[in-house]
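The values are calculated or read from the model by the stated rules, or taken from the named source; none is laboratory data. Keep in mind the model is a prediction, meaning the values are calculated, not measured. Virtual Cβ from ideal backbone geometry, glycine too; neighbours counted across all protein chains shown.
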Amino acid sequence: MSKKRWFALLIVIVLFAISLPAYSGQSNLDSLISSDQGWSEKVVEKGDGINKEKVVVLDINGVIQNSNNRSLFDTTDYNHELFLKMLKRAGADPTVEGIILRVDSPGGGVVESAEIHRAIVDIQEAYKKPIYVSMGGMAASGGYYVSAPADKIFAHPSTITGSLGVIMQSINFEKLADDLGIKFETIKSGPYKDIMSSSREMRDDERALLQELIDESYEEFVRVIATGRNLTNEEVYKLADGRIYSGKQAKQLNLIDELGTFDEVVAAMLEHIGRGKLDVIHYEPSSNYFQKLLVTAEKSVFANQDILGVKQLLQQTNSPSLMYLYER
């Protein structure tokens with residue numbers, strides 16, 4: 001490891017150690033690194049004061065993955081468990097007339113994406129509230145999956161969307177290990193227990209088993225798009241080959257409804273509700289002291305691309321999983 005990488009890690013460790021005394025009363029480390037402590041409400045747009053009803057804005061920003069799998073060094077905004085809580089609260093709140101999801105994500109886990117999709121559909125069925133999506137720079141793969149059931153989807157002409165499909169990846173270190181004189185010893189209970197092992201080539205029968213899992217999740221993705229966008233499965237198959245689309249192309253293919261900015265999405269939502277000018281409230285996850293410390297450290301330490309590689313490596317999970325994720 002280079003001196004730059006060691007220096008980067010050393011700075012983060014020192015900052016972490018310095019922050020510990022401030023939390024001497026905490027019972028465990030989870031309370032230091034978890035952002036799942038609630039959220040605040042910030043007024044994005046003030047209403048006319050006549051109505052107490054409001055529109056809620058929620059962000060899906062970053063990779064859609066369970067916060068329990070995030071590493072110590074993960075300072076991304078997205079917290080899956082907290083997002084679901086905020087979404088369900090907005091759905092059940094009788095003063096919330098509509099929900100806007102701002103999606104800027106390359107996608108994420110199959111399970112996490114499905115949980116968001118299910119929560120959106122539940123709100124639509126139980127509370128009959130309109131849900132609009134405002135796509136940011138990217139709403140690809142799982143980012144599109146969670147957008148599909150929305151009543152209306154808006155995107156910028158240059159938004160990157162699409163990448164409709166499923167992926168599962170692992171890294172094969174067998175040759176590298178051989179070159180370094182490293183030998184893997186595996187004791188297992190069955191022929192498939194070490195499937196996708198990084199220590200050897202994948203067998204054809206293993207690849208076939210994994211392809212079945214991929215195909216199963218892919219069919220579910222197709223069903224979600226077909227249902228949400230009122231398309232046939234055959235129409236979706238032609239679109240869902242993994243390619244990406246611009247917002248303009250997505251509009252032509254009926255993957256989104258309108259091209260527009262976030263402000264235009266808000267205006268469209270208020271017009272649809274027809275209750276005049278309502279407060280537009282952004283649910284913002286509360287950050288604790290330690291997270292803010294990491295964000296500050298990240299800006300100074302991980303600005304260098306060489307050092308950024310260390311951070312990304314530390315954030316990798318060890319086990320391959322099914323992902324609705326745009327891989328660049």
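For region 48-57, taking the residues that are out of contact with any helix residue (DSSP H, G or I) (no Cβ under 9 Å at 6 or more places or on another chain) and assigned to a loop (DSSP other than H, G, I, E, B), the one that is surrounded by the most Cβ atoms within 10 Å (Cβ to Cβ) is identified as N51.
Kindly indicate the residue of region 170-200 that is aliphatic (A, V, I, L, M) and surrounded by 14 or more Cβ atoms within 10 Å (Cβ to Cβ) and also nearest to S321 (Cα to Cα) among those meeting that condition.
Applying the first criterion (aliphatic (A, V, I, L, M)) to region 170-200 yields 171, 176-177, 180, 182, 187, 195-196.
After this cut, where a residue has to be surrounded by 14 or more Cβ atoms within 10 Å (Cβ to Cβ) as well, the list is 177, 195-196.
On the way: A177: 23, I195: 12, M196: 10 Å.
Once the filter is applied, the top-ranked residue is M196.
Picking from residues in region 81-105 that are surrounded by 19 or more Cβ atoms within 10 Å (Cβ to Cβ) and touching a Lys or Arg at 6+ places or on another chain (Cβ under 7 Å), the one that is farthest from V44 (Cα to Cα) is G91. The residue of region 106-132 that is surrounded by the fewest Cβ atoms within 10 Å (Cβ to Cβ), among those that are β-branched (V, I, T) and in contact with a helix residue (DSSP H, G or I) (Cβ under 8 Å, 6 or more places away or on another chain), is I123. Residues of region 254-274 that are surrounded by fewer than 16 Cβ atoms within 10 Å (Cβ to Cβ), in a loop (DSSP other than H, G, I, E, B) and not hydroxyl-bearing (S, T, Y): N254, G274.
Looking only at region 91-113, decide whether some residue is at pLDDT below 95, among the hydroxyl-bearing types (S, T, Y) and under 19 Å from the mean Cα position of the chain (by Cα). Within region 91-113, not a single residue is at pLDDT below 95, among the hydroxyl-bearing types (S, T, Y) and under 19 Å from the mean Cα position of the chain (by Cα).
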